[in-house]
Amino acid sequence: MANGPAAVNSKAIRTLVLEEAKRANVGHIGSGLSVADLIATLYGGVLRVESPDDPDRDRFVLSNGHAALALYSALHLRGWLTREELATYCADESLLGVHPEHELPGVDFSTGSLGQGISMAAGAALAARLQGSKRRVFAIVSDAECDEGSVWEAAMFSAQHRLANLVVIVDRNHQQALGYTRDVIDHGALVERWRAFGWDSHDADGHDVRKLSELIEGLDFAFGPPHVIVAQTTFGHGVSFMESRIEWHYLPMNDAQYAQARAEVEAMPS
Ligand SMILES: Cc1ncc(C[n+]2csc(CCOP(=O)(O)OP(=O)(O)O)c2C)c(N)n1
Ligand SMILES: [Mg+2]
């Protein structure tokens with residue numbers, strides 16, 4: 001039985017990310033916590049996905065596929081994955097791998113090879129227009145992906161075709177695996193760069209679900225250029241010892257770290 005969007009909130013997503021990362025003894029925890037509020041914004045209200053079989057429902061691409069645990073958590077909270085299924089995360093034979101696979105109900109696009117999701121999203125947005133469908137396409141793209149030429153190729157394509165039904169949200173946490181973006185490739189005024197590529201470009205606090213929702217609801221999905229929201233996020237948001245710390249890209253938690261992380265997330269507002 002599916003749950004409504006009200007069942008999804010950031011705190012519940014973060015709690016599940018911690019529980020499952022601990023159970024599976026895997027990393028990518030900081031990435032999941034970075035996008036938790038972006039996912040909560042989408043699955044907690046913005047996305048029109050009430051009927052999974054409706055061809056006109058919205059589509060979502062998690063281009064930074066390594067944050068998949070936050071997506072799986074939202075799918076569980078919506079009632080599309082049982083808790084038992086969620087607990088197969090990273091287990092042998094499970095469809096819930098480190099990166100999302102489209103064989104899993106609720107996942108439209110397989111991702112994990114960075115830099116490709118925006119091209120998938122642009123194609124899906126163009127297909128919607130060609131089919132006369134009002135469905136919209138949302139993609140979360142990481143800041144590391146903005147290093148890649150394929151992202152800017154898709155950005156030019158989307159602007160040229162005036163894909164107003166496409167929304168890209170950049171998870172701008174200033175980290176990329178084992179480095180900080182300022183040391184690897186500095187994106188500078190990223191929102192201005194997207195604007196220069198012809199996009200309707202916005203800066204936003206990537207942890208403010210209410211404001212993000214309002215911003216998205218105010219976008220024109222019918223006419224005009226595609227939309228990008230450069231969401232300022234903190235890697236590991238909500239767990240003090242993970243925040244902006246490179247090592248939490250890959251480290252699993254020990255028992256003491258898990259206890260502290262759970263307590264800190266428990267103290268957050270939902
Ligand atoms: C095409 C490609 N190259 C390399 C990798 C290996 N890889 C995994 S995550 C990552 C970078 C992570 O940075 P970002 O996407 O900004 O995610 P964050 O660490 O901020 O969550 C890389 C290079 C990959 N998944 N895909
Ligand atoms: Mg990053």
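The values are calculated or read from the model by the stated rules, or taken from the named source; none is laboratory data. Quick caveat, the model's predicted, so the values are computed rather than measured. Note that we place each Cβ from the backbone using ideal geometry, even for glycine, and neighbour counts take in every protein chain shown. SASA here: full protein model, heavy atoms, side chains in, ligands and nucleic acids out. Shrake-Rupley method; radii C 1.70, N 1.55, O 1.52, S 1.80 Å.
Numbers at a glance
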{"quantity": "Segment 21-31, subset touching a helix residue (DSSP H, G or I) at 6+ places or on another chain (Cβ under 6 Å) and open to solvent by less than 20 Å² (accessible area, probe 1.4 Å), residue nearest to Glu243 (Cα to Cα)", "calculated": "Gly30"}
{"quantity": "Whichever residue in segment 255-270 is part of a loop (DSSP other than H, G, I, E, B) and open to solvent by 80 Å² or more (accessible area, probe 1.4 Å) and, among such residues, is modelled with the highest pLDDT", "calculated": "Ala267"}
{"quantity": "Count of residues meeting criterion [more than 18 Å from Asp220 (Cα to Cα) and crowded, with 21+ Cβ neighbours inside 10 Å] in segment 120-143", "calculated": "4"}
{"quantity": "Per-region count, segment 145-187, residues more than 14 Å from ligand 2 (Cβ to nearest atom), outside any helix (DSSP H, G or I) and over 18 Å from Gly206 (Cβ atoms)", "calculated": "6"}
{"quantity": "Residue within segment 163-173 that is open to solvent by 20 Å² or more (accessible area, probe 1.4 Å), within 16 Å of Ala231 (Cα to Cα) and near ligand 1 (Cβ under 9 Å from one of its atoms) present", "calculated": "yes"}
{"quantity": "Residue that is least open to solvent (accessible area, probe 1.4 Å), among those in segment 77-103 that are over 18 Å from His66 (Cα atoms), in contact (Cβ under 8 Å) with a residue 40 or more places away in the chain and not small (Gly, Ala, Ser)", "calculated": "Arg78"}
{"quantity": "Candidates Asp183, Asp200, filtered to the one that is farther than 14 Å from Leu42 by Cα, over 16 Å from the mean Cα position of the chain (by Cα), open to solvent by 10 Å² or more (accessible area, probe 1.4 Å) and within 16 Å of ligand 1 (Cβ to nearest atom)", "calculated": "Asp183"}
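Matching residues to (1) at pLDDT below 95; (2) of a type in the set (Ser, Thr, Tyr); (3) crowded, with 18+ Cβ neighbours inside 10 Å:
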| site | (1), (2), (3) |
| --- | --- |
| Val8 | no, no, yes |
| Asp37 | no, no, yes |
| Thr41 | no, yes, yes |
| Pro55 | yes, no, no |
| Pro105 | yes, no, no |
